[in-house]
Amino acid sequence: MSASKNSAVALAILLAFATAIIMKLFCFDFIITEGRSMSPAIENGSLLLVNKLAFGLRPPFSYVYILRWAKPRKGDIVVFWTPLGDLAVKRCAELTGDDRFIALGDNEPDSFDSRSYGPVPVDNIVGKAMGIK
């Protein structure tokens, strides 16, 4: 291979890697669930595709949306940071005011949710679960 072909391949790999990182930080992510709080809709060990742009745009590692175009609706399955700092997957049961929502697990006896820690700030939402496998 010539030096120019090697450079082109290296540049293509670098661009693909940079695009993947940007997509993961701002747009989409995958998580593997732990626990049975959302059973039977989401079982322990399920793979979730999380749409980070479902409700707005926020910088990575931030709790503040710089631009918001939607809020969760009743029934949406959202991924969020609990008030205790844990990442959780629960169903939005209702919005309380403009800036908080009630997060409930489908499996009530086995769910640590808003019944325990109260309403959650909407800014804590990482994204909306779009695909479950």
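Dividing the alpha-carbon radius of gyration of region 1-118 by the rule-of-thumb value 2.2 N^0.38 Å gives 1.39. Of the GluC sites (Glu not before Pro) found in region 1-96, those that fall in a DSSP loop while having at most 15 other beta-carbon atoms within 10 Å are Glu34, Glu43. Once you have a ≥ b ≥ c as the square roots of the Cα gyration tensor eigenvalues for region 33-73, tell me rounded if a/c is under 1.5, and otherwise prolate or oblate according to whether a/b is larger than b/c. Prolate, because a/c is 1.5 or more and a/b exceeds b/c. Straight-line reach from Lys52: which lysines have Cα under 26 Å away, leaving out those fewer than 8 places along the same chain? In chain and number order, the partners are Lys24, Lys71, Lys74, Lys90, Lys128, Lys133. Give me the net charge for the shell around Tyr117: Cβ to Cβ below 12 angstrom, other residues only, Lys and Arg +1, Asp and Glu -1. Combined, the nearby Lys, Arg, Asp and Glu give +1.
Would you kindly state how much longer the chain becomes between Tyr63 and Ser116 on full extension, computed as 0.36 nm times their sequence separation minus their alpha carbon distance, in nm to one decimal?
Stretched out fully, the Tyr63 to Ser116 stretch lengthens by 16.9 nm.
Helix 3-26 and the longest principal axis of the Cα set of the chain meet at an angle near 10°.
Every number in this text was worked out from the coordinates using simple rules, so none of it is lab data. The shown structure was predicted, so the numbers you read here are calculated from the model rather than taken from an experiment. Cβ: placed from backbone, ideal geometry, glycine included. Neighbour counts: every protein chain shown.
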